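Here is the structure we will look at.
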2 protein chains.
Amino acid sequence: MKETWSFLDTFEPNFRPLVVIELAKGTKKETIEWFTKRIVDKKANGGAQLLIKPLVTENGDENIYLVGASHLRLLLGAETVGLVKECNDNSMRSFTYSSRKTFKDFADDNHNFLTMSECQYIIKHELENLRAKDEKMIPGYPQAKLYPGKSIVRRLLTNGILLQIFPLHDREELKKLRHTWYGRVKIGYQPLDEIRSYFGETIALYFGFLEYFTFALIPMAVIGIPYYVFAWEDYDKYVMFATFNLLWSTVILEVWKRICAVMTYRWGTLLMKRQFEEPRPGFHGALGINPVTGREEPVYSSIKRQLRIYLVSVPFVCLCLYFSLYVMMIYFDLEHWALNYHEENNSTFSSLMLYVPSIIYAVVIEIMNRIYRYAAEFLTSWENHRLESSYQNHLILKVLVFNFLNCFASLFYIAFVLFDMKLLRQSLATLLITSQILNQFAESLLPYWLQKRHVKKIKKHTHSLKTDTDLSLVEQVNLEKEMGTYFGTFDDYLELFLQFGYVSLFSCVYPLAAVFAVLNNITEIYSDALKMCRVYKRPFAEPTANIGVWQLAFETMSVISVVTNCILIGMSPQVNALFPDSKMDLVLTVALVEHLLLAIKFVMAFVIPDKPREIQIKLAKLEFESLEALKQQQMKLAAESLKE
Amino acid sequence: MKETWSFLDTFEPNFRPLVVIELAKGTKKETIEWFTKRIVDKKANGGAQLLIKPLVTENGDENIYLVGASHLRLLLGAETVGLVKECNDNSMRSFTYSSRKTFKDFADDNHNFLTMSECQYIIKHELENLRAKDEKMIPGYPQAKLYPGKSIVRRLLTNGILLQIFPLHDREELKKLRHTWYGRVKIGYQPLDEIRSYFGETIALYFGFLEYFTFALIPMAVIGIPYYVFAWEDYDKYVMFATFNLLWSTVILEVWKRICAVMTYRWGTLLMKRQFEEPRPGFHGALGINPVTGREEPVYSSIKRQLRIYLVSVPFVCLCLYFSLYVMMIYFDLEHWALNYHEENNSTFSSLMLYVPSIIYAVVIEIMNRIYRYAAEFLTSWENHRLESSYQNHLILKVLVFNFLNCFASLFYIAFVLFDMKLLRQSLATLLITSQILNQFAESLLPYWLQKRHVKKIKKHTHSLKTDTDLSLVEQVNLEKEMGTYFGTFDDYLELFLQFGYVSLFSCVYPLAAVFAVLNNITEIYSDALKMCRVYKRPFAEPTANIGVWQLAFETMSVISVVTNCILIGMSPQVNALFPDSKMDLVLTVALVEHLLLAIKFVMAFVIPDKPREIQIKLAKLEFESLEALKQQQMKLAAESLKE
């Protein structure tokens, strides 16, 4: 191996590669020298003060670099990003270098105090915050403009000089994690703490939610089975099931907040302070003065953005919704045709044909969802949002509205226009099961198979017969850099959200939906775990304290499901038979019950505290301590001032 | 005048009395000495380091003390309570003594930098935070137990040794304020900034809300007048009016949040950090260790409190609600009897008699509300809440539920059981107008008259013919200590809340309600102003950033009014005539419209930002600056650590 440039290397003989930087082939030498110099340069000179080594591959290319950092550097970085760690007295506190001795398991020679994913997160943060000083452009690339304070890494990425930055897997750790996670068939919880320390909080929280949601569906599934087995059609039993479902879905969403608070308190992210949000990489605009920071940076008029949103995005989304409804009407034509065909022929083939329109429609829905997703991403990025969070919110809103209509419009049409409960049940089952199968296939199994083939090819190429853990660093990096990139939990949550819709919107018509959801989620846990461990590059850890906008999305779905279920029950012949004389009374009763249920939901959401008492006390204690410290400081100051 | 005890007095020749302390007559000398010693003692010795002087009245009693503080002491106190002031660069920042030069209008000799009400708030805070050190009891009163950290003033108050603490009026300022506020008949806004600097943010915000709410009602009133004048009864006009009302009420509540943010930003309270909440004075329990503070203090089991709430308070409230419904039924019997009487006699007297039941019922409702209020206060204080905020929330909830039912149950009954729109209109008008008249009388005019009489008596007693501003300090204190105490904005908001109910719940039946509300509110502003300036003791300023739980209460009312108005419109004969064939279609249409309106409401509340963009930018700027400062500090530390 070549010598490294890092002057700190002498202090850190055990260079541990943490993050891989891949530059474009043929990147100019002056650019590389400038960039690596900035990475190793002292903090005081505006550098990141990290360690970097080139990775020399067989064919002599030198476009891949490994980044690490000294132990001390990482500890200081932990303070900068605001990591929260457990103290000796079991309380959680923001880590500071000066108070390092008070933290649990801290020792100057304990290099495991920070987990590998935390170290990688710190390095990512430091790299992203490497900012231009007085450079006007990236050396060697006059078209890649810089201005003081612009993130260098982001400019390199948008200009294609930097291909990717990704954290390295820890083959040993990963093997252990795989074993405890899905290595053996077992009944039990996932190792969420291990997942969190390997993949970070966002992903651990997704798996936590997936597991919790699956457990929460079990009572609904268990209660639903006898309805199917004994073909119960009694009015009171349906009402009981629906009422239970509606209240249950409120309870589980509220309880999730509490469980989430317990978990993220333990992980420290509940207490992590929000960092100031920098503009997202794709944001562009004319240079101007940002009113908040006072810095010179690209500024984009909010009015222009509003115009783009309301004059282009909103009409486009409406058009897509219209198109989705149009496709739905074609499906009903097909359905009608299939029914006629069956009636005319009445053969086994024709009875099988009855299911064909639903299956085709389910596939078309999935395809439309995926195409729309790209369009939504393109549009939202064209809207030029300054912050990643605002971009995400607009994207999620667009995608949710379309997916909701696309998936459920036909069911609403069947239920409330055609009044055909048999068809509703059949469509619901077909849609649910088809979409689950398609998802599992497209999401995990197909990428896994591609990945397997790719690994085989590479191994064949390098004539290596080693197992995973024996790979050399060069081989490991080469293998991982070709793996797919995991783009976050969005699609996984979306899938759960739609599943929740299938289960809750029409729960009183098809109680078996919960059973399918539970079965799907059990395999989903395994296939998602496989996907994370085997198919994708390791993602950077993202600290988070909750599931964010998804909580709101699930709660909205649960409100809508109150309305749909009340109407469905009101339409059932059993309930109609109870009001033989007056349909008016029936409708009024249904409306009254619906309003009561909604009121109970809101009261329950209000009454159940979002955080368990224990966590509330711990948070109050921390707040009290910081206020006391401030008061002490002020009193000291006051005493001094008054003495003068 | 006697010499004062304060050793600081030599440094502060211009003692300005700010706060009055009245002790019980015959308080033991040793207690007084100990208490005053603690007040003037140095901060370092656990004192409050304030100034205190006895007020010698004619009859030689020495139970009234005047408290003041040196200019420096007040500035340090401003830092302790976390006052936010305007800087030279027009930004709002937490005041600190070390950065005092950067604040607007600050000069070492400018004693008006802090307003008088701010000084009084600081003194109140310092007095309340005067805590027992190692005293086991109050000297001279062995039954008045103390423990380390217990607030001395609160123990003195609960033991009746300390009768009251109140801030002095500033006769000059008050005269000026009275003049600009209500001294001349004028069309225009209230001097909210002046009210705020004299009475504090809570009261200024109430008057701000009252004024805003009155202005917001004007469009509803204006649109409502032609309905009355031309006796419009068309279906489409009613629907238009109701729809406008419902959306309007959402808009005004959202816009209020924005206006409130602008005001409280200017006043500094939007940025004020929440202080740690101490137990409320009445809280009692066995001595134990508080899990949050780790201090020894009274602890009361949360389970016991829950038992008291659910086994006593909830049943009691239900009983009261039942009783209120029972009284309502009696009212309907009376109404029925009056109708019969009128039909039998058909005289002028008997037609007047028609109004008597409504008026009696309105009076009874007011009386029941007031009695219930005492019961609710007693019960809530018996529930033994640890924090004032929790006490307030439970009290407000109890009072709101009962007042809502008590005031509106009869109207709901008339509207949705009797279906008698004429009676509804008549009852609504009687209830609204009677309650407004009663309120104005009981709240302002009666106390004002009593106060006037009292002042006359005192003036006669002291043979003084001076005007208000010429009173000596002794006379002023004697006058003010006998004035009533203002117990906060609760009753004022409650009155507005019920008024909002009368206006919005049945707006489509009685469009004129808004007109009466506007008229009432205009006089209400004047009578409330009179009450604050003339009738009550000056209240301590209470910093606040919003109207708190009332925002939620008003929003809930506006949701309920969507439901009631939709039903009322659905019941109107004009709408019924549109659906001659099918009552089903009518009900379904009404239900659909109702859900649409509710959905629009929620979307509007979600889309309208709670803070104007300008304020958002200012807040983001402050946050950015504090994060930058932290980062600089950390980078300095990091550079030093890495150099070692």
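Kindly evaluate A:Lys631 against the criterion of being in a helix (DSSP H, G or I), more than 11 Å from every other protein chain (Cβ to nearest Cβ) and either open to solvent by 40 Å² or more (accessible area, probe 1.4 Å) or not hydrophobic (A, V, I, L, M, F, W, C) (or both).
Working: in a helix (DSSP H, G or I): yes; more than 11 Å from every other protein chain (Cβ to nearest Cβ): no; either open to solvent by 40 Å² or more (accessible area, probe 1.4 Å) or not hydrophobic (A, V, I, L, M, F, W, C) (or both): yes.
The answer is no for A:Lys631.
Under the condition of being hydrophobic (A, V, I, L, M, F, W, C) and surrounded by fewer than 16 Cβ atoms within 10 Å (Cβ to Cβ), which residue from the range A:413-434 is nearest to B:Val603 (Cα to Cα)?
Top of the filtered list is A:Phe416.
Inside the range B:58-79, can you point out the residues that are open to solvent by less than 20 Å² (accessible area, probe 1.4 Å) and more than 14 Å from every other protein chain (Cβ to nearest Cβ)?
If the condition is that a residue be open to solvent by less than 20 Å² (accessible area, probe 1.4 Å) and more than 14 Å from every other protein chain (Cβ to nearest Cβ), then B:Asn63, B:Ile64, B:Tyr65, B:Leu66, B:Val67, B:Gly68 are the ones that fit.
Could you tell me which residue of the range B:392-412 is nearest to B:Pro315 (Cα to Cα), considering only residues that are among the aromatic types (Phe, Trp, Tyr) and open to solvent by 20 Å² or more (accessible area, probe 1.4 Å)?
By that ranking, first place goes to B:Phe404.
For the structure I just gave you, tell me whether A:Pro573 is out of contact with any Asp or Glu (no Cβ under 9 Å at 6 or more places or on another chain), more than 9 Å from chain B (Cβ to nearest Cβ) and over 14 Å from A:Asn245 (Cβ atoms).
Details: out of contact with any Asp or Glu (no Cβ under 9 Å at 6 or more places or on another chain): no; more than 9 Å from chain B (Cβ to nearest Cβ): yes; over 14 Å from A:Asn245 (Cβ atoms): yes.
Considered against the rule, which asks whether it is out of contact with any Asp or Glu (no Cβ under 9 Å at 6 or more places or on another chain), more than 9 Å from chain B (Cβ to nearest Cβ) and over 14 Å from A:Asn245 (Cβ atoms), A:Pro573 comes out as no.
Determine the pairs where a residue that is within 10 Å of A:Thr544 (Cβ to Cβ), located within the range A:199-214, has a partner that is in a helix (DSSP H, G or I) and among the small types (Gly, Ala, Ser) with Cβ atoms under 9 Å apart, the partner being 6 or more residues away or on another chain.
The qualifying pairs are A:Gly200/A:Ser117; A:Ala204/A:Ser197.
Testing B:Asp610 on (1) open to solvent by 30 Å² or more (accessible area, probe 1.4 Å); (2) more than 10 Å from chain A (Cβ to nearest Cβ); (3) modelled with pLDDT of 80 or more; (4) part of a helix (DSSP H, G or I), one condition comes back false. Which one is that?
Condition not satisfied by B:Asp610: (4).
If you take just the helices (runs of 4 or more DSSP H) that sit entirely in the range A:482-600, which of them hold at least 1 residues that are hydroxyl-bearing (Ser, Thr, Tyr)?
A:490-505, A:513-530, A:549-571
Please indicate, with yes or no, whether at least one residue in the range B:230-252 is closer than 30 Å to B:Glu614 by Cβ and at pLDDT 90 or above.
Yes: one or more hits.
What number goes with the only condition from (1) buried (at least 17 other Cβ atoms within 10 Å of the Cβ); (2) more than 13 Å from chain A (Cβ to nearest Cβ); (3) of a type in the set (Asp, Glu) that B:Glu297 does not pass?
(2)
Just for the range A:269-290: of the residues that are without any contact (Cβ under 8 Å) to a residue 60 or more places away in the chain and assigned to a loop (DSSP other than H, G, I, E, B), which one is farthest from the chain's Cα centre (by Cα)?
A:Asn290
Any idea which of B:Arg305, B:Arg266 is within 14 Å of another protein chain (Cβ to nearest Cβ), part of a helix (DSSP H, G or I) and in contact (Cβ under 8 Å) with a residue 60 or more places away in the chain?
B:Arg305
Just to be sure I understand, how many residues within the range A:575-622 are within 21 Å of A:Trp248 (Cβ to Cβ) and free of Cβ contacts under 8 Å to residues at least 12 places away in the same chain?
Looking only at that region, the number is 7.
Which one is farthest from B:Glu201 (Cα to Cα) among residues in the range B:80-107 that are touching a helix residue (DSSP H, G or I) at 6+ places or on another chain (Cβ under 6 Å) and within 14 Å of chain A (Cβ to nearest Cβ)?
Among those that are touching a helix residue (DSSP H, G or I) at 6+ places or on another chain (Cβ under 6 Å) and within 14 Å of chain A (Cβ to nearest Cβ), it is B:Tyr97.
If you go through the range A:329-383, how many residues are among the polar types (S, T, N, Q) and either more than 41 Å from the chain's Cα centre (by Cα) or open to solvent by 70 Å² or more (accessible area, probe 1.4 Å) (or both)?
Count: 7.
Of all residues being surrounded by fewer than 20 Cβ atoms within 10 Å (Cβ to Cβ), touching a strand residue (DSSP E or B) at 6+ places or on another chain (Cβ under 9 Å) and among the charged types (D, E, K, R) in the range A:86-130, which is farthest from A:Ile615 (Cα to Cα)? Just the residue, please.
Result: A:Glu128.
If you go through the range B:265-278 one residue at a time, how many are at pLDDT below 80 and surrounded by 13 or more Cβ atoms within 10 Å (Cβ to Cβ)?
Total satisfying the criteria: 4.
Would you call B:Leu596 within 14 Å of another protein chain (Cβ to nearest Cβ) and within 30 Å of B:Ser91 (Cβ to Cβ)?
no
Might you check whether a residue that is open to solvent by less than 10 Å² (accessible area, probe 1.4 Å), under 16 Å from the mean Cα position of the chain (by Cα) and in contact (Cβ under 8 Å) with a residue 40 or more places away in the chain occurs anywhere in the range A:500-522?
Checked the range A:500-522: no residue is open to solvent by less than 10 Å² (accessible area, probe 1.4 Å), under 16 Å from the mean Cα position of the chain (by Cα) and in contact (Cβ under 8 Å) with a residue 40 or more places away in the chain.
Can you find, within the range B:35-47, the residue that is nearest to the other protein chains (Cβ to nearest Cβ) among those that are surrounded by fewer than 19 Cβ atoms within 10 Å (Cβ to Cβ) and more than 14 Å from B:Tyr65 (Cα to Cα)?
Our first condition is that a residue be surrounded by fewer than 19 Cβ atoms within 10 Å (Cβ to Cβ); within the range B:35-47, this holds for B:37, B:41-42, B:44-47.
Subsequent filtering for residues that are more than 14 Å from B:Tyr65 (Cα to Cα) retains B:41-42, B:44-47.
Values: B:Asp41: 12, B:Lys42: 7, B:Ala44: 5, B:Asn45: 10, B:Gly46: 10, B:Gly47: 11 Å.
Selected residue: B:Ala44.
Answer yes or no: is there a residue in the range B:478-492 that is open to solvent by less than 30 Å² (accessible area, probe 1.4 Å), closer than 25 Å to B:Lys175 by Cα and modelled with pLDDT under 80.
So far as the range B:478-492 goes, no, none of its residues is open to solvent by less than 30 Å² (accessible area, probe 1.4 Å), closer than 25 Å to B:Lys175 by Cα and modelled with pLDDT under 80.
The values are calculated or read from the model by the stated rules, or taken from the named source; none is laboratory data. All figures in this text were calculated on a predicted structure; none of them were measured in a lab. Cβ atoms come from the backbone with ideal geometry, glycine included; neighbour counts cover every protein chain shown. The accessibility values were calculated without ligands, DNA or RNA, using every heavy atom of the protein model including side chains. Shrake-Rupley method; radii C 1.70, N 1.55, O 1.52, S 1.80 Å.
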